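All remarks here apply to the structure that follows.
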Amino acid sequence: MKASIISLFVFAIASAAVHAQHTAPANVNQFVDLAGTVGNSQGSGALSYVYSWQIGKKRKIEAGLGLRLTSVAGTKLTYITAGPARLTRSFTTPFVIFFAGQKTENWDTLTVQRPFVNALNVTINLGYNFTPRFGAGFNIDLIGATFGKKSSSVFKSNGETSTDPASKPTTFNLLLTGDHDRGSLNSEFFLKYKINDKWAVRAIYQFLFTEYKTSNVKQTASDGTVIDRFRNKANNFGAGLSYQF
């Protein structure tokens, strides 16, 4: 099943590439991108296809949608309580929740021994071309699904530890901002340099969420809420290589 999903994704990108060579209007930019990042005890690889429109008189602004497959692997990663946001943040207003204080007293932790997730998500992509060769941009996952590897994990709550034999990645991904989010979501800030009309390289700062659900152990919050989702938030750095159709 996992191999079939990846094969279908690669086939979709190849089909889009063939179609793009014959139908893309002048104000459209289509490309595939392969990226890799590394961080604390983890690394990721991502393959994406992006269809964007060049906006404005000088067509310096780009905005579009894409599809991205992100694979993440690590060793003994610490995941913290994933929400609900009313328990983990000082206020919960969407978008501005990024500036809310963190209620660390409500966190429990889940240390996943061998995390491995594959997140297939629709993306939104924004960029600005300062010159014909140099630009910058931002992208973020919106919605999708995750499949991956079950792993044993160590759950710690109120100073006591227990073992969960088969924690698994959260299946459904949805961008709701901050601790309202669900699942595994990838976002990038990047600088881009076009080597020629077809190829470009990127320097990437990545903010990456991955999420696991427990099977046998649960957190019980002070208000009685039962929690089985735990999130790792990573700040990673890497590079990408893009090919424009």
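Using alpha-carbon positions, what is the distance between the centroids of region 61-91 and region 186-245, in Å?
6
What pairs in Lys103/Lys168; Lys150/Lys218; Lys103/Lys156; Lys198/Lys233; Lys156/Lys233; Lys156/Lys213 have C-alpha atoms more than 22 Å from each other?
The answer is Lys103/Lys168; Lys198/Lys233.
For the chain, what % of the accessible area comes from carbon and sulfur atoms, probe 1.4 Å?
Values: 7750 of 12320 Å².
Within the chain, the accessible surface is 63 percent carbon and sulfur.
Using alpha carbons only, how many degrees (0 to 90, rounded to 10) separate the axis of helix 2-23 from the longest principal axis of the chain?
It works out to around 20 degrees.
Defining a contact as two alpha carbons under 8 Å apart and six or more residues distant in sequence, what relative contact order in percent does the chain show?
20
Keeping every protein chain present and rolling a 1.4 Å probe, give me the accessible area per residue for the chain in Å². Don't jump to the answer; show the numbers that get you there.
Working: 12320 Å² over 245 residues.
In whole numbers, the chain has 50 Å² accessible per residue.
The values are calculated or read from the model by the stated rules, or taken from the named source; none is laboratory data. Everything numeric here is computed off the predicted structure, so don't read it as measured data. Heads up: the accessible areas ignore ligands, DNA and RNA and are worked out on the full protein's heavy atoms, side chains in. Shrake-Rupley method; radii C 1.70, N 1.55, O 1.52, S 1.80 Å.
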